[in-house]
Amino acid sequence: MFHQTSLRLTGLYLGIIMAISIFFSVALYNLSMHEVDRGFDRQTEVVQRVFGSGPFRQQSYIQQREDIYNDIRGHVIAQLIFINLLIMVGAGFLSYYLARRTLKPIEEAHQAQSRFTADASHELRTPITAMRTEIEVTLSDPKLKLADAKDQLQSNLEELDKLTALSEGLLRLAQLEASDLPKEAVSVHTLVQAAVDRVLPLAEPKHNLVSQSVPADAQVLGDQAGLTEALVTVLDNAVKYSPKKSQVTVVAKPGRGDVIITVTDQGPGISEEELPHIFERFYRADSSRTKGTTDGYGLGLAIAQNIVQLHGGSITAESSLGKGTTVTISLPKA
Ligand code: ATP
Ligand code: MG
């Protein structure tokens, strides 16, 4: 599909370039022939002044003049055609190159979209298939006890919770892609406080959650609910992936034109190979310490990154295995 489109686009670019080129060639042709005419007229005047204007001479002179004129005309036309052919070949390559360049980001976005759809359907199908198999096995048991049936329903409910979380995450991503966030001045202090309050029930008594916001009056421009959500996601990870009694620290401090919020934990850390991928949708660090032990779909950081980028900010992570992770969010100051 993209090959055809790029050929069509090449044709369009080439058409435009050739139209311009031919237009100028015609103009150039008219101009040169006009100049040639003028030159001849002047020359004729000179000839007449010098040699007089006998009928025979004049006849042969006009004939010669016509021949030369035609000769020049043929020459100019041939040259212009040659130049236009050259332009056509050059412009053909250039147009193809430009068409490829124009389409490249669109093609990449398209591929990313297909990959995302494939991943999403896979993630949705796995729990559904598992649930279906469980239900079928349970139903086919003729001596099914009530307790077993209850267990089964309980397990289904858990799967359903996961599916709900997944579909909410997917919906959130789709919304963010299409949204224009409201821009209001948001106090960083309030932001950090709101996020910490939301994570606190998860953290306590497991963690020691410390927050510092210096100075208290820094403000960023954006959507309070969205920014809180992004910060909650990062805090949630810090709490979720680190051991009991470890410390999670949130620090907000003003930078040059921005406000920098860091969340540091003393968890297992993320390996160097995995670190560049944690902001990708559906990416979960592939190890037993996260997979299986804690649930999630790997959408949290993708959503957080989306929100932060919509605010003109950036989010990065640093980590060393066994020591802990620091996620840094930088947002432009209000
Ligand atoms: P979700 O947030 O959708 O419930 P998730 O937490 O697995 O699932 P993300 O928040 O996007 O997804 O994180 C992606 C991956 O990055 C996690 O699976 C985890 O492996 C790794 N990760 C993120 N934060 C930390 C952290 N603080 N310490 C260790 N690993 C982390
Ligand atoms: Mg998460």
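The values are calculated or read from the model by the stated rules, or taken from the named source; none is laboratory data. For clarity, every value in this text was computed on a predicted model and none was experimentally measured. Note that each Cβ is placed from the backbone with ideal geometry, even for glycine, and that neighbours are counted across all protein chains shown. The protein model used for the area step is the full one, side chains on, heavy atoms only, and it has no ligands, DNA or RNA in it. Shrake-Rupley method; radii C 1.70, N 1.55, O 1.52, S 1.80 Å.
Does residue 131 satisfy the criteria of being touching a residue at least 12 places away in the same chain (Cβ under 8 Å) and either exposed (fewer than 13 other Cβ atoms within 10 Å of the Cβ) or not assigned by TED's automatic domain parsing to the domain that holds residue 9 (or both)? For residue 131, the condition - touching a residue at least 12 places away in the same chain (Cβ under 8 Å) and either exposed (fewer than 13 other Cβ atoms within 10 Å of the Cβ) or not assigned by TED's automatic domain parsing to the domain that holds residue 9 (or both) - is met. Scanning segment 300-310 for residues that are more than 16 Å from ligand 2 (Cβ to nearest atom) and either open to solvent by less than 20 Å² (accessible area, probe 1.4 Å) or in contact with a strand residue (DSSP E or B) (Cβ under 7 Å, 6 or more places away or on another chain) (or both) gives no hits. It is to be established whether one or more residues within segment 311-327 are surrounded by fewer than 21 Cβ atoms within 10 Å (Cβ to Cβ), among the acidic types (Asp, Glu), in a loop (DSSP other than H, G, I, E, B) and within 13 Å of ligand 1 (Cβ to nearest atom). No, that holds for no residue.
Residue 259 - would you say it is in contact (Cβ under 8 Å) with a residue 60 or more places away in the chain and in the same structural domain as residue 206 (by TED's automatic domain parsing)? For residue 259, the condition - in contact (Cβ under 8 Å) with a residue 60 or more places away in the chain and in the same structural domain as residue 206 (by TED's automatic domain parsing) - is met.
For segment 224-258: of the residues being more than 12 Å from ligand 2 (Cβ to nearest atom) and small (Gly, Ala, Ser), which is nearest to the chain's Cα centre (by Cα)? Within segment 224-258, the match that is nearest to the chain's Cα centre (by Cα) is 226.
Is at least one residue of segment 73-84 assigned by TED's automatic domain parsing to the domain that holds residue 8, among the basic types (Lys, Arg) and open to solvent by less than 100 Å² (accessible area, probe 1.4 Å)? Yes, segment 73-84 has at least one match. In segment 297-326, the residues that are on the phi > 0 side of the Ramachandran plot and of a type in the set (A, V, I, L, M, F, W, C) never reach a residue that is within 12 Å of ligand 2 (Cβ to nearest atom) and outside any strand (DSSP E or B) with C-beta atoms less than 9 angstrom apart, at least six apart or across chains. The lone criterion from (1) of a type in the set (Lys, Arg); (2) open to solvent by 90 Å² or more (accessible area, probe 1.4 Å); (3) more than 31 Å from the chain's Cα centre (by Cα) left unmet by residue 183 is number (3). Name the single residue, out of those in segment 230-258 being among the β-branched types (Val, Ile, Thr) and farther than 28 Å from residue 168 by Cβ, that is nearest to ligand 1 (Cβ to nearest atom). Filtering first and then ranking leaves 249.
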